[in-house]
1. For segment 287-298, does any single residue satisfy the condition of being under 23 Å from the mean Cα position of the chain (by Cα) and not in a helix (DSSP H, G or I)?
2. What is the residue count in segment 65-80 for residues that are within 20 Å of Ala42 (Cβ to Cβ), open to solvent by 10 Å² or more (accessible area, probe 1.4 Å) and among the polar types (S, T, N, Q)?
3. For segment 342-360, what are the residues that are more than 14 Å from Ile183 (Cα to Cα) and modelled with pLDDT of 95 or more?
4. When you go through Asp58, Asp49 one by one, which is the residue that is out of contact with any helix residue (DSSP H, G or I) (no Cβ under 9 Å at 6 or more places or on another chain) and acidic (Asp, Glu)?
5. Criterion first (open to solvent by 50 Å² or more (accessible area, probe 1.4 Å), of a type in the set (Ser, Thr, Tyr) and at pLDDT below 90) does Thr135 satisfy it?
6. In segment 240-275, which residue that is open to solvent by 80 Å² or more (accessible area, probe 1.4 Å) and over 30 Å from Leu202 (Cβ atoms) is modelled with the highest pLDDT?
7. Within the group Ile35, Ile96, which residue is of a type in the set (A, V, I, L, M, F, W, C), open to solvent by 10 Å² or more (accessible area, probe 1.4 Å) and either at pLDDT 90 or above or part of a loop (DSSP other than H, G, I, E, B) (or both)?
8. Check whether at least one residue in segment 276-285 is over 23 Å from the mean Cα position of the chain (by Cα) and either surrounded by fewer than 18 Cβ atoms within 10 Å (Cβ to Cβ) or part of a loop (DSSP other than H, G, I, E, B) (or both), and report yes or no.
Amino acid sequence: MNKTLLGLAMCAATPFASAAEVAGGGSEPLSAQQIRRAGSQASFVGPEDYFSGRVRVDPLFNETGEINASGAYVTFESGARSAWHTHPAGQRLVVISGVGQTQEWGKPVQDIHPGDVIVCPPGVKHWHGAAPNSTMTHLAVTGSVNGKNVEWLEKVAEDRPAPPAAPTEVAVSEVLSARQQAIVPIGAAMASSNMPRLNAALNEGLDAGLTVSEAREILVQLYAYAGFPRSLNALGELMKVVEARKHRGLHDEPGREPGHAVATGDALLAVGKANQTRIAGAPVQGPLFDFAPVINQFLQTHLFGDIFERDNLDWQSRELATVSALAATPGAESQLRSHIAASLRVGLSSAQLRQLTQVLTQHGEVEAAARASEALEKHLAQP
């Protein structure tokens, strides 16, 4: 793959000419409306020549005779970022999830958050990527001049300031946002199958800014920890809540579905194993998995593959939901301690996890709060 094509792909582009031709892309004008279904175009990994860290590109549309721009979702894992580059026709970025960073040459690093729109004029040298403690997905729409939409430059220095301004470190937050706090009682009530509490928690969550998609994704994911019956019952309760709120004239944002198709077969196992290793801090192994190796295969392919690869809910939110659910589950203390550690690895702070225990107490989950607090303090006391 040549440099031009890689440039188009990363900065929001056109690595899929054959798909575009089938759907009416290229220079020929469309004669009718076309729909490309979500997940119908293969995602790919951002090349090392133009990225630091792990990056995934999910193509959306390419330049055509009608629209001189191309688009893609680009997902950066924690700390990943692009090299310095410019765009001859400029670019627009819309942050979809997570916390990111961007920097214009000669200016300070700036944090970017969901809903932020970054307008990059033609010829402006810059980079963008994820904050050190968060994944980040943005929608990129990039214009073209004579078929070219990016000029790649040097990588961002890791060991020295980028002249003349140095990137600033993003501190791990010491407090949970209102949206993050709202996840906690949802996870606990779902795990205990307490429908009145779940109903109240779901209403609070939607009021706090959770989209319907995010609330649904929390309840879907937790089947892996609390079981299908509780998950199905909880999803039924969410349906009731959403319908009741509509009747009261409340408008809840539907949110979005995952922005890319999840891999299958050996590729799914590979990405699931990589996700599991990152979240666990090391390859997962031991006597239990020697005794029943298939359970680890299921964990890798399904939980950390199928579920954790769905990018409509960030990993911090997933861990908040999991810790809350496990805290509300007597007998799951070992798994709770593991996910306390995982929460810290994906960027949550010890102060945020202490706040999680406070939120549990405030919502009447006193025993769950005690379990979570004990697990956290034991983990922090380790050398």
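1. no
2. 1
3. Residue satisfying the conditions is Arg354 alone.
4. On the way: Asp49 fails: out of contact with any helix residue (DSSP H, G or I) (no Cβ under 9 Å at 6 or more places or on another chain).
Being out of contact with any helix residue (DSSP H, G or I) (no Cβ under 9 Å at 6 or more places or on another chain) and acidic (Asp, Glu) holds for just one of Asp58, Asp49, which is Asp58.
5. Numbers: open to solvent by 50 Å² or more (accessible area, probe 1.4 Å): no; of a type in the set (Ser, Thr, Tyr): yes; at pLDDT below 90: yes.
Answer is no for this residue.
6. Lys273
7. Numbers: Ile96 fails: either at pLDDT 90 or above or part of a loop (DSSP other than H, G, I, E, B) (or both).
It is Ile35.
8. Within segment 276-285, one or more residues are over 23 Å from the mean Cα position of the chain (by Cα) and either surrounded by fewer than 18 Cβ atoms within 10 Å (Cβ to Cβ) or part of a loop (DSSP other than H, G, I, E, B) (or both).
The values are calculated or read from the model by the stated rules, or taken from the named source; none is laboratory data. Quick caveat: nothing in here was measured; it's all calculated off a predicted structure. FYI the Cβ positions are ideal-geometry reconstructions off the backbone, even for glycines, and counts take in every protein chain you see. These accessible areas exclude ligands, DNA and RNA; they are computed on the full protein's heavy atoms, side chains included. Shrake-Rupley method; radii C 1.70, N 1.55, O 1.52, S 1.80 Å.
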